[in-house]
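Heads up: the structure comes next, in structure tokens.
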Amino acid sequence: MAEISSGFEDPRLAINRVYTRRGDGGFTSLVGGQRVGKDDLRIECYGTVDELNAFVGVTRQTCEEQVAAFPALNELALILKRVQHELFNAGSILATLPENVHPRQARITAAEVTQLEIEMDRMLEGLPELRSFVLPGGSRLNAELHVCRTVCRRAERTCVALGREVVVDGDTLVYLNRLSDAFFVWSRWASKQCGAPETLWQPNQAASGAVAVEDIENG
């Protein structure tokens, strides 16, 4: 396993009440205290990362519920839990302007990217070579991992858009790119562990393709 980053500052939160009324006018605060509109692109970035974290939580729950039947899934469940912590770290740095980043503030580092690559390489071993794209499905876990993949891609796109306007943490961008690939690998790996079928994309299975084939066969 790659070296896990250490030395991040522990959270200093006291969540005694959920509502504050300070956001009623459509504005919210960044980590440094700056007030910005809730439709600000930076808010969209870490909001989408938060959305992804919620989907990963759903997927982890599905994974854990199937561990009794498929013990190998415990490895994936543990990975997904770690990813949830990492996504909160990503949200922390995205919610902070570069000039306000604390040296010990939680963030994404190269270690997180390396760990994903190690896990992907290991799980790819033994998977059949693909000759087409794969349709999400075959099992609920597979489908949920694909939902995570697509939301992760959206988070990445949003961060890239923000990066065209201001400085965005480079490690976070790389991490989101690699994480979306990981969700794809994990979806295939999970299907193999569960004995679930993979459905390959076949263009002629569309209505237009089926009609064309039928017309040819019927002369």
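No value in this document is a laboratory result; all are computed from the given coordinates. On a predicted model such as this, the values are computed, not experimentally measured, just so you know. Heads up, the Cβs are rebuilt from the backbone with ideal geometry, glycines too, and the neighbour counts pull from every protein chain shown.
If I model a spin label at THR150 and ALA72 as a point 7 Å from the Cα along the Cα→Cβ vector, what separation in nanometres do I get?
2.7
With +1 on each Lys and Arg Cβ and -1 on each Asp and Glu Cβ, and nothing else charged, work out how big the dipole of region 27-217 is about its Cα centre, in Debye to the nearest 20.
Computed about the Cα centre, the dipole is about 480 debye.
Arrange THR59, THR96 by Cβ neighbour counts within 10 Å, fewest through most, would you?
Lowest count first: THR96, THR59.
Taking the Cβ of each residue in CYS63, CYS148 as the centre, tally the other Cβ atoms inside 10 Å and list the residues starting with the fewest.
Ordered from fewest to most neighbouring Cβ atoms within 10 Å, CYS63, CYS148 come out as CYS63, CYS148.
Just from the alpha-carbon atoms, what are the Rg and Dmax of region 27-217 in angstroms?
My reading of the Cα-based Rg and Dmax gives 19.3, 69 Å.
Any idea how far the Cα center of region 97-130 sits from the one of region 148-196, in Å?
The distance from the Cα centre of region 97-130 to that of region 148-196 comes to 10 Å.
Of the listed peptides 105-114, 82-91, what is their order by residue-averaged count of other C-beta atoms within 10 Å, with the highest listed first?
Going from most to least packed, we get 82-91, 105-114.
By how many nm would the segment from VAL101 to THR20 lengthen if fully extended, with 0.36 nm per residue of separation less the alpha-carbon distance? Present the calculation step by step, with values, prior to reporting the outcome.
Working: separation 81, 0.36 × 81 = 29.16 nm, distance 2.46 nm.
Full extension of this stretch gives 26.7 nm more.
Residues in region 144-179 near a label at ALA54, defined as backbone nitrogen under 12 Å from the 7 Å Cα→Cβ point?
What the label zone holds, given the 12 Å backbone N cut-off, is no residue at all.
Points 7 angstrom from Cα along the Cβ direction at LYS81 and ASP181: gap in nanometres?
2.7
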